[in-house]
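Visitor: There's a structure below that I have some questions on.
The values are calculated or read from the model by the stated rules, or taken from the named source; none is laboratory data. This structure is a prediction, so every number in the text was calculated from the model and none was measured. Because the Cβ atoms are built from the backbone with ideal geometry, glycine has one as well, and the counts that use them run over all protein chains shown. Keep in mind that these areas ignore ligands, DNA and RNA; they rest on the heavy atoms of the full protein, side chains included. Shrake-Rupley method; radii C 1.70, N 1.55, O 1.52, S 1.80 Å.
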Amino acid sequence: VLSRAFRNRFLEITVDDIPTDEITEILCKRYSLAPSFAERMVEVMNTLQMRRQSSHVFAGRHGFITPRDLFRWAERRPEDYQALAEHGFLLLGERCRKPEERQVVHDVMEKCMKVILDANVIYDPTHWPFVNKYYQLVEALNLKEKIVWTNSMQRLFTIVGLCLEHKEPVLLVGETGSSKTTICQVWAAVLEQHLHIINCHQHSEAADFLGSLRPAPPGSSEGLFRWEDGPLVRAMRSGDIFVLDEISLAEDSVLERLNSVLEPSRTLTLAEKSTGEMVVAAELFRALATMNPGGDFGKKELSPALRNRFTEVYVQPITDKAEIALILGKRMSDTLLPYAAKMADVLHSVAALRKDSVAHISVRDVVAWLSLIHISEPTRLLSISYAVFCLKKKKKKNKEKERNETRERK
């Protein structure tokens with residue numbers, strides 16, 4: 001908050017919320033929506049604003065939806081009420097981190113749109129033409145990690161694909177080892193676009209992704225220094241995919257430089273460059289970010305202004321034993337396949353013991369365990385034989401010890 005002495009030197013103007021009738025007019029004229037569509041969308045907004053999310057108490061009536069969310073929803077240009085409700089739920093409901101909050105959005109959407117939302121249909125990649133087109137190509141790709149199509153993976157692939165189709169910046173929020181970075185790599189592979197990944201930390205600077213002045217090569221006509229583009233600027237110029245991994249670790253002052261890139265205009269002014277060049281993103285440029293939920297060591301939430309510029313997607317924790325068993329079964333050899341269900345039980349039990357965090361089975365832990373088993377599998381029989389030999393030897397020593405103790409007593 002500015003000091004009263006400093007504020008007094010300005011002519012201060014309070015900007016109120018946009019009236020609902022004006023929002024309806026904007027939706028109709030700017031996005032060419034039918035008036036009935038616009039009225040239903042505004043009805044959803046008014047209904048949700050009367051409810052407060054328990055996890056976003058301080059967001060007030062904007063906890064569920066803001067006008068920016070409404071405009072992003074309209075940008076998807078749905079063709080009927082069913083598509084309007086499905087896109088609305090994916091935009092507004094999939095950011096919620098609690099099942100009861102997601103259910104509120106689901107119920108309001110069905111009530112206002114007068115349709116039925118079926119999760120099995122919404123999360124099915126084949127339901128969406130754009131997503132289905134690339135879903136069929138994944139198996140043909142020679143990916144480093146084999147993709148196992150669990151329900152969670154299909155859901156994440158579908159939601160992220162729809163965001164990329166409409167050029168929306170995506171923020172993936174979820175526990176560690178929940179395939180956030182993997183889904184970015186999969187979409188970059190199927191779209192055949194170069195992927196730039198920047199790992200953020202508390203000492204990250206804007207120059208790390210924008211670029212900076214560097215010493216020019218000896219004998220260069222450019223002078224002592226020349227400008228070199230950073231990964232973000234190169235991705236914008238070339239139409240690549242840019243990912244900010246662990247975005248919440250960077251300082252807010254650094255991340256605020258991204259605001260203009262996340263707007264629909266997708267521009268960036270390089271004030272650090274002597275020419276003050278304004279870079280306009282190529283048509284194929286896409287921006288994504290990942291983060292863990294706030295509360296973990298060193299982790300914080302993003303500012304509301306920055307979060308609202310992303311299409312936020314909460315990656316739900318993996319807790320289903322059937323999904324883990326499916327992942328294990330697809331990656332294990334035939335000789336070890338009978339142990340998949342038992343390993344899934346162990347992982348589920350260990351995850352349930354965590355009292356300080358959300359019960360979550362990390363896919364990274366599953367893969368690490370399988371890698372260890374595959375490495376040791378050639379010597380597994382030898383190890384078992386050695387273990388049996390040691391047990392027999394120990395039993396023999398115990399028997400001899402018992403005999404000696406009996407003799408001493410006599």
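Visitor: Rank THR158, THR181, THR335 by accessible area, highest first, at a 1.4 Å probe radius?
Guide: Reading off the accessible areas and sorting them downward yields THR335, THR181, THR158.
Visitor: What 222 nm value per residue comes from the helices of the chain, counting each DSSP H run with n ≥ 4 as -39,500 (n - 2.57) and dividing by all residues, nearest 500 deg cm²/dmol?
Guide: -14500 deg cm²/dmol
Visitor: Taking Cα atoms, how many degrees apart are the long axis of helix 99-113 and the longest axis of the chain, rounded to 10 and kept between 0 and 90?
Guide: 40 degrees
Visitor: Quick one: which of 213-220, 93-100, 313-320 comes out on top by average Cβ neighbours within 10 Å, and what's the full order, highest first?
Guide: Output ranking for 213-220, 93-100, 313-320: 313-320, 93-100, 213-220.
Visitor: On to the next question. What angle, in degrees between 0 and 90 and rounded to the nearest 10, separates the Cα long axis of helix 363-376 from the longest principal axis of the Cα atoms of the chain?
Guide: 30 degrees
Visitor: Report the extension gain between HIS127 and LEU353 in nm, rounded to one decimal, defined as 0.36 nm multiplied by the number of residues separating them, less their alpha carbon distance.
Guide: 77.6 nm
Visitor: While we're here: Accessible area of ARG234, 1.4 Å probe, to the nearest 10 Å²?
Guide: 110 Å²
Visitor: Can you give the accessible area per residue of region 202-346, in Å², using a 1.4 Å probe?
Guide: 48 Å²
Visitor: A follow-up question, please. Tell me, what ³J(HN,Hα) does each residue in region 255-264 have, in order and in whole Hz, if you take phi through Karplus 6.51 cos²θ - 1.76 cosθ + 1.60 with θ = phi - 60° and put x for Gly and Pro?
Guide: Once rounded to whole Hz, the list reads 5, 4, 5, 8, 3, 5, 5, 8, 6, x.
Visitor: Moving on to the next point. Just the number, please: percent antiparallel of the DSSP beta bridges in the chain, rounded to the nearest 5.
Guide: Of the beta bridges lying entirely in the chain, close to 30 percent run antiparallel.
Visitor: If you don't mind, another one. Taking amide H positions as placed in the peptide plane 1.01 Å from N, state which residues far from GLU251 in sequence (5 or more) or on other chains have amide H under 5 Å from it.
Guide: SER204
Visitor: Normalised by the residues of the chain, what does the relative contact order come to in percent, with Cα pairs under 8 Å and at least six apart?
Guide: RCO, the chain: 14 percent.
Visitor: Could you list which residues have their amide H under 5 Å from that of THR311, counting only those 5 or more apart in sequence or on another chain, with H placed in the peptide plane?
Guide: Counting only residues 5 or more places away or on other chains, the set is VAL170, LEU171.
Visitor: Can you pull the percent of the chain's accessible area that's carbon plus sulfur, 1.4 Å probe, other chains left in place?
Guide: With neighbouring chains kept in place, the figure for the chain is 55 percent.
Visitor: Need one word for the chain: rounded, prolate or oblate. Basis is the Cα gyration tensor (sqrt eigenvalues a ≥ b ≥ c); a/c below 1.5 gives rounded, then a/b vs b/c decides.
Guide: It is prolate, given that a/c is not under 1.5 and a/b is the larger ratio.
Visitor: Nearest 0.05, what FRET efficiency do LYS29 and SER220 give at R0 = 56 Å with Cβ-Cβ as r?
Guide: Calculated value: 0.60.
Visitor: While we're looking at this one, here's another question. Order ASP365, ASP240 by their accessible area, 1.4 angstrom probe, all chains in place, largest first.
Guide: ASP365, ASP240
Visitor: Where does each of LEU284, LEU90 land when they are ordered by accessible area, with a 1.4 Å probe and the largest first?
Guide: Sorted by accessible area, descending: LEU284, LEU90.
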